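Have a look at the structure below before the remarks.
The values are calculated or read from the model by the stated rules, or taken from the named source; none is laboratory data. These numbers come from a predicted model, not from an experiment. Neighbour counts are summed over all protein chains in view; Cβ atoms, including those assigned to glycine, are modelled from backbone coordinates with ideal geometry. Note: areas computed on protein heavy atoms with side chains; ligands, DNA, RNA excluded. Shrake-Rupley method; radii C 1.70, N 1.55, O 1.52, S 1.80 Å.
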Amino acid sequence: MNMTELSKTYAPKEFEDRIYKNWCDKGYFTPDPKDGKPAFSVVIPPPNVTGQLHMGHALDETLQDILVRYKRMQGFSTLWVPGTDHAGIATQIKVEEQLRVNEGLTRYDLGREKFLERVWSWKEQYGGRIISQLKKLGASCDWTRERFIMDEGCSKAVREVFVNLYDKGLIYRGNRIINWCPHCITALSDAEVEYTEQNGNFWHIKYPIKGEDGYVEIATTRPETMFGDTAVAVNPEDENTKHLIGKTLILPIVGRELPVIADDYVEIGFGTGCVKITPAHDPNDFLVGQRHGLEQIRVMNDDATMNSYAGKYEGMDRYECRKALIADLEAEGYLIKTVPHAHNVGTCYRCHNTVEPLTSNQWFVKMEPLAKPALEVVYDGRVKFEPERFTKTYTNWMENVHDWCISRQLWWGHRIPAFYCDACGEMTVSKTDIDKCPKCGAPVRQENDVLDTWFSSALWPFSTMGWPEKTEELAKYYPTSVLVTGYDIIFFWVARMVFSGMEHMGKEPFSTVFIHGLVRDAQGRKMSKSLGNGIDPLEIIDQYGADALRFALATGNSPGNDMRFSDEKIEAARNFANKLWNASRFVRMNLTIDKITLPEEKDLALEDKWILKKLNDLVTTATKALDSYEVGVALSAIYDFIWDIFCDWYIELCKIRLSDKENGNNLVAQNVISYVLTVALKLLHPFMPFITEEIYQSLPHDDESIMISAYPAYDAKFDFAADAERMERLIAAIRAIRARRNEMNIVPSRKAKVYIATKYSDSFNENTAVFFSRLASASEVEIAEGFDSSVISADDAVQIVTDAASIFLPLSDIIDVEKEKEKLAVELKKTEGEIARLEGKLSNAGFVAKAPAAVVEGEKEKLAKYKEKLEGIKQAIAKLQ
RNA sequence: GGAGGCAUAGCUCAGUUGGUUAGAGUACUUGCUUGACAUGCAAGGGGUCGCAGAUUCGAGUUCUGCUGUCUCCACCA
């Protein structure tokens, strides 16, 4: 294998695109369903085809790519299906907006067909944008299987599902109360309505009683709906209003007669006890109306202007009408009072205009039979949520789900495959287009409405794999392994995929739902267009590189929780990449080998065994964390290893052998350091694919690419526990010396002689003196057997006592004996404190009896160490007398 | 009204089944142009783990209550 050079500075722009292109060219992202390997599959939550990559996508794709790359390296047949969604309302609005701005036209000016042509050409022009942005991130999607939700295959699946559900009686058409967005001019599902608190009023209005002088007081927040009142209801148990039942009221202004009906929907004691019933404009009133056979009078047009039922207010906007009506009611003495009242108002999740509940002829999916298996599959754990708490979010919703309004009065989307015959009135639902009525042969016209965008998204896990055809993709990769998405679309999408998968495939669409939170700005605010606080991931990539972005998103991100994105975070990520780059460059420039062969155990130095043990532990930690979706935990363990263990210690320890090519151990060091670096790179690869590949290519390597190399596995032969422990002691001693020197402001250039008394003198091999001279600025090192300071002859020395060694630095010219005494006295006190604490613990009968033996043993060892240290300190103090 | 999250160093956050002297990044202080890296190295200060109880030999971690904060669902006109 060729070993490339590494450029002097870390410049991700120079290699990220090149590497990505190479991966694509080599076909690494495309699995073979016939490869005989176990499957791991993921479908991307399809971004809006006309959208732009934002931080939410970046997080979602990063997490998926981490899992996908990890599993691929572990030898799974790994498929990540990419694609885009048509996003009905959002896209249509965008194109309409463009049409309005550029040509001053509405979609009606163009007509359905011409308008759809425009949307398609917009899709052709901008649809690739989001895809190329995903590629910038490094997403290892199988682009040969890229899908668009309105392509032929997905559309076929949509029709198949629609007809199947219709034939089973699970899709029906009916005049029901739905949520209507007067701005988007379409029906919405319950899930598409967002409630926001708004300041409004309760208007108390007199409804005169027919044939009597009195009146009934009615309070309403939406007076303009009174034109649609068809009754007033009271609770039959309410003593205060019982007498009204059966009487007739006169609707103010309009003069129409309203019966007073009894219905226990009215809550006793709330408000006036009398409720106006407007079946065509309120979901509860709709139900009351059904129970009592009341007429539905719809008083608004599709754009929320008043219709002829509003009499002289006809043509006014709903709010204009409200204002005028209140003024008139007041003028005519019907208005009793106006009470300010904050209440929740439904708004459209796309345009945020107030939604109007009204009756309309729409298509619905009957949910109860579908919800049942979708609940069971979660109850019994076939579908698991990660983190677990989102299970409840899901089941609560599914247990209380209402029928799903799936028709939208839009043009952009999957047109409902229902055909009406005006001649005989027959309606035909068909998988293929028909032009003649199967009953009478007359021409038919297709339903104008299209399907809710989530209707087709719900089929994504199998429609993208070719269903309803029996494809080898479906056989191999369905159900998918994990779905990665934000908690904000559990209802919209996750829930609907589950019942769709159960209904049409007979199997859950995925076994795990891995939920992440939102990416917020540095102040913790939601990123939004209106606030203008969005951070563009592409700018971040441009400035810092995709790896840094991925690192910043993956680190410190715990499942299901929101996270903040800040300059600090991305800089820290870039610094880490830079650190790794430079460390690798150091390794690279010290290499003369062109193949890595791990030396035999007998040839390994103490520090080699130490790092191999640490690396082995890291493999275990990272694997365990990734298997339980603890992406952030895995990454921080890798980060700590690379920066603190590998760079700060191992590289420093290796410099001795590496800098001296004549040293017999030079090759051992070369092999171990490049081996350790390679394994670390592999562990890091799922998180930072580009930099790890670039470095991998510069080192001796067996695989063509790091991304198809095998993920490291725990190996018992690297459990050099005893040696690692000894090395740990050595490091502790060096650290202690550095700390003392630092404290005394002794610059590194001022070398000092080091005497060490230790009972672990066997830990100090031939390299030890060099370690100390390099890392502890020692001029000369003398090691004595034992922990007894009396074996050291040095006077006027700084004395450092660790739990493994007594160390002396003779620096007679700068030593202040009194200060040294104080210093030792503090140490003495601290150590005595620890001993007291441990002795207390160990003399506690309960602890000794009930704690696990290993814990008790550990505490005993600790106590012994502290006691030894205490002796050392006492001797040191004595020496200063 | 119902459900859930969060509360740990100045700031942003980790802390996996209860078990060393509670960690990281960043900020701060001090010293270092040590031949990979100043996007760096070394050292230091800084925490009664929101409050009150309970369980336990042992609680940041489990349970109960409370406070603050955020979110979701439902919605009474």
Q: Return the Cα extents of the range A:228-387 along principal axes one, two and three, sorted largest first, each rounded to a whole Å.
A: 64, 42, 31
Q. Taking the Cα centre of each part, how many Å lie between the range A:262-278 and the range A:453-506?
A. 44 Å
Q: Report, please, the projected area of the range A:728-787 averaged over directions, based on the convex hull of its C-alpha atoms, in nm².
A: 3.7 nm²
(Q) Out of all Cα-Cα pairs in the range A:479-519, roughly what percent, to the nearest whole number, are more than 14 Å apart? (A) 45 percent
Q. Among A:K384, A:K94, what's the order by accessible area (1.4 angstrom probe), most exposed first?
A. A:K384, A:K94
Q: Would you mind computing Rg(Cα) / (2.2 N^0.38 Å) for the range A:629-718, counting N as its residues?
A: 1.16
Q: Would you check the accessible area of A:H183, probe 1.4 Å, heavy atoms only, in square angstrom rounded to 10?
A: 110 Å²
Q.
With unit charges on the beta carbons (Lys and Arg positive, Asp and Glu negative) and the dipole taken about the Cα centre of the range A:780-881, which residue among A:A853, A:G786, A:I815 sits farthest to the positive side?
A. A:A853
Q.
Considering the Cα positions of chain A, please state its Rg to one decimal place and its Dmax as a whole number of Å.
A. 37.0, 119
Q. Under a point-charge model restricted to the Cβ atoms of Lys and Arg (+1) and Asp and Glu (-1), what is the dipole moment magnitude of the range A:132-209 relative to its Cα centre, in debye to the nearest 20?
A. 120 debye
**Q.** Centroid-to-centroid separation of the range A:4-56 and the range A:578-613 [C-alpha atoms, Å]
**A.** 29 Å
Q: Quick one: pull the percent of accessible area on the range A:1-90 belonging to carbon and sulfur, 1.4 Å probe, ligands and nucleic acids left out.
A: 52 percent
Q. Chain A: longest stretch without exposed GluC sites (Glu not before Pro) (DSSP loop, at most 14 other Cβ within 10 Å), sites themselves excluded?
A. A:6-211
Q) Put +1 on the Cβ of each Lys and Arg and -1 on the Cβ of each Asp and Glu in the range A:330-463; which of A:W454, A:S407, A:Y379 then has its Cα farthest toward the positive end of the dipole? A) A:Y379
**Q.** Pairwise centroid distance, computed over Cα atoms, of the range A:228-251 with the range A:295-339, Å
**A.** 22 Å
Q. Considering only protein heavy atoms, what is the solvent-accessible area of A:S749 at a probe of 1.4 Å, reported in Å² to the nearest 10?
A. 100 Å²
Q | Exposure of A:M527 as accessible area (Å², to 10), given a probe of 1.4 Å and all protein chains | A | 50 Å²
Q) Taking only protein heavy atoms and a 1.4 Å probe, what accessible area per residue, in Å², does chain A have with all protein chains in place? A) 43 Å²
(Q) Show me, bin by bin at 5 Å from 0, the whole-percent P(r) of the range A:675-796 based on Cα pairs. (A) 2, 9, 15, 14, 11, 9, 11, 11, 9, 5, 2, 1, 0
Q | Convex hull volume per residue in cubic angstrom - Cα atoms of the range A:532-588 | A | 91 Å³
Q. How large, in percent, is the carbon and sulfur part of the accessible surface of the range A:272-370 at a probe radius of 1.4 Å?
A. 45 percent
Q: Determine the alpha carbon to alpha carbon distance for each of A:K366/A:K470; A:K614/A:K829; A:K614/A:K717; A:K34/A:K168 and list only those over 24 Å.
A: A:K366/A:K470; A:K614/A:K829; A:K34/A:K168
Q: Using only alpha carbon pairs under 8 Å that are at least six residues apart, calculate the relative contact order of chain A and give it in whole percent.
A: 13 percent
Q: Calculate the dipole size of chain A relative to its Cα centre from +1 charges on Lys and Arg beta carbons and -1 charges on Asp and Glu beta carbons; express the result in debye to the nearest 20.
A: 760 debye
Q: Starting from the Cα of A:K372, draw a straight line to each of the aspartates and glutamates and keep only those under 18 Å, dropping any in the same chain fewer than 8 residues away.
A: A:D380, A:E399, A:D403, A:E503, A:E508
**Q.** Spherically averaged projected area of the range A:41-86 from its Cα convex hull (nm²)
**A.** 3.1 nm²
Q: Could you give me the percent of Cα pairs per 5 Å distance bin for the range A:1-147, shortest bin first, beginning at zero and ending with the bin that holds the maximum distance?
A: 2, 8, 15, 17, 15, 12, 11, 9, 6, 4, 2, 1, 0
Q. Among bridges DSSP assigns within chain A, what percent are antiparallel (round to 5)?
A. 70 percent
**Q.** Pairs from A:K753/A:K819; A:K613/A:K850; A:K71/A:K476 whose Cα-Cα separation, in the structure shown, is over 23 Å
**A.** A:K613/A:K850
**Q.** Probe 1.4 Å, all protein chains present, accessible-area order of A:K613, A:K624, A:K114, A:K529, largest first
**A.** A:K529, A:K624, A:K114, A:K613
Q) Under unit Cβ charges (Lys, Arg +1; Asp, Glu -1), what dipole magnitude, rounded to 20 debye, does the range A:1-80 have relative to its Cα centre? A) 200 debye
Q: Positive end of the charge dipole of chain A (Lys, Arg +1 and Asp, Glu -1 on Cβ, about the Cα centre): tell me which of A:S77, A:T395, A:L358 has its Cα farthest that way.
A: A:S77
**Q.** Hydrodynamic radius of the range A:450-590 per Kirkwood, over alpha carbon pairs, in Å
**A.** 18.1 Å
**Q.** Largest to smallest accessible area among A:Y696, A:Y166 [probe 1.4 Å]
**A.** A:Y166, A:Y696
Q | Size-normalised alpha-carbon gyration radius of the range A:230-288, reference 2.2 N^0.38 Å | A | 1.06
